[in-house]
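Engineer: Quick one: the structure is below, and I'll ask about it shortly.
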Amino acid sequence: MERDLSLFHNFHALTCTKKFQMFMWLLIRGIFENTWFSRRLRPSLLRAFGASIGNSVLIRNSVRIHRPWLITIGDNCWIGEGVWLISSDRITIESNVCLSQKVTLCSGSHDFRSKSLQLIPKPIFLRKGSWVCLGAYVLAGVTIGECSVVSAGAVARNSIPDYSILIDGQVRPIDPPR
């Protein structure tokens with residue numbers, strides 16, 4: 001089978017209102033991602049584009065967000081430098097979650113069997129108290145359990161239960177925080 005990416009449907013399926021919202025976000029996103037833009041204003045700007053952002057959320061420099069209207073972030077969260085939230089589907093980050101530097105959350109994949117590489121969106125959930133460490137990836141359809149850890153550089157392809165750590169490709173139980 002030969003690929004035909006002209007058949008790929010993504011942006012064209014959006015309503016006129018969503019297309020306008022996407023266009024406006026693309027214009028504003030460069031300002032949001034810039035290092036000089038106030039970290040205190042980042043949550044407000046995301047709220048203006050439909051994100052649900054809790055209290056005391058710190059969003060550091062160079063954070064990239066694909067579609068803010070599909071993002072929910074609870075209270076007291078820390079989003080580190082260079083984090084990328086690729087929100088093809090909902091990304092829900094509960095309270096007291098830490099995303100360390102250069103973490104990527106990607107809530108979409110593609111059907112490699114389809115001629116058009118059709119998008120397969122699936123939500124991501126990060127439960128309260130979880131920590132995704134430096135340079136880790138969380139893929140579509142994954143839930144990171146309460147107070148669980150995705151170690152530096154790891155790829156979370158499957159959900160991780162509460163009070164567990166993904167390290168060296170293996171999930172191991174951990175004690176609850178003290």
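The values are calculated or read from the model by the stated rules, or taken from the named source; none is laboratory data. All figures in this text were calculated on a predicted structure; none of them were measured in a lab. Using ideal geometry, Cβ is built from the backbone for each residue, glycine included, and neighbour counts are taken over all protein chains shown.
Engineer: Which residue is modelled with the highest pLDDT, if the candidates are limited to region 2-19 and must be in contact with a Lys or Arg (Cβ under 8 Å, 6 or more places away or on another chain) and part of a helix (DSSP H, G or I)? Before you say what the answer is, go through the steps one by one.
Structural biologist: Keep residues of region 2-19 that are in contact with a Lys or Arg (Cβ under 8 Å, 6 or more places away or on another chain), which gives 2-4, 7, 11.
Of the ones still in play, those that are also part of a helix (DSSP H, G or I) are 7, 11.
Values: Leu7: 74, Phe11: 53.
Checked region 2-19; the qualifying residue modelled with the highest pLDDT is Leu7.
Each row is one residue, and each column tells you yes or no for (1) of a type in the set (S, T, N, Q); (2) in contact with a helix residue (DSSP H, G or I) (Cβ under 7 Å, 6 or more places away or on another chain); (3) at negative phi.
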residue: Ile31; (1), (2), (3): no, no, yes
residue: Leu46; (1), (2), (3): no, yes, yes
residue: Gly50; (1), (2), (3): no, yes, no
residue: Asn61; (1), (2), (3): yes, no, yes
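Engineer: Hey, any hits in region 107-116 for a residue that's in contact with a Phe, Trp or Tyr (Cβ under 7 Å, 6 or more places away or on another chain), under 25 Å from Phe37 (Cβ atoms), at pLDDT 95 or above and of a type in the set (S, T, N, Q)? Step through it out loud before you land on a result.
Structural biologist: Filtering region 107-116 for residues in contact with a Phe, Trp or Tyr (Cβ under 7 Å, 6 or more places away or on another chain) gives 116.
Checking which are under 25 Å from Phe37 (Cβ atoms) leaves us with none.
Looking for residues that are in contact with a Phe, Trp or Tyr (Cβ under 7 Å, 6 or more places away or on another chain), under 25 Å from Phe37 (Cβ atoms), at pLDDT 95 or above and of a type in the set (S, T, N, Q), one finds none in region 107-116, hence no.
Engineer: Within region 20-116, considering only strands (runs of 3 or more DSSP E) that don't extend past its boundaries, which have at least 1 residues that are over 11 Å from the mean Cα position of the chain (by Cα) and either β-branched (Val, Ile, Thr) or under 22 Å from Phe8 (Cα atoms) (or both)? Break it down into steps so the answer makes sense when it comes.
Structural biologist: Working: elements: 71-73, 84-86, 91-93, 104-106, 108-110.
It comes to 108-110.
Engineer: Kindly indicate the residue of region 138-160 that is in contact with a strand residue (DSSP E or B) (Cβ under 7 Å, 6 or more places away or on another chain) and part of a loop (DSSP other than H, G, I, E, B) and also surrounded by the most Cβ atoms within 10 Å (Cβ to Cβ) among those meeting that condition. Reasoning before the result, please.
Structural biologist: Filtering region 138-160 for residues in contact with a strand residue (DSSP E or B) (Cβ under 7 Å, 6 or more places away or on another chain) gives 138-140, 142-145, 148-151, 154-157, 159-160.
Next cut, part of a loop (DSSP other than H, G, I, E, B) only: 140, 142, 145, 148, 151, 154, 157, 159.
Numbers: Ala140: 21, Val142: 23, Gly145: 19, Ser148: 25, Ser151: 18, Ala154: 22, Arg157: 13, Ser159: 16.
Of everything passing the filter in region 138-160, Ser148 is surrounded by the most Cβ atoms within 10 Å (Cβ to Cβ).
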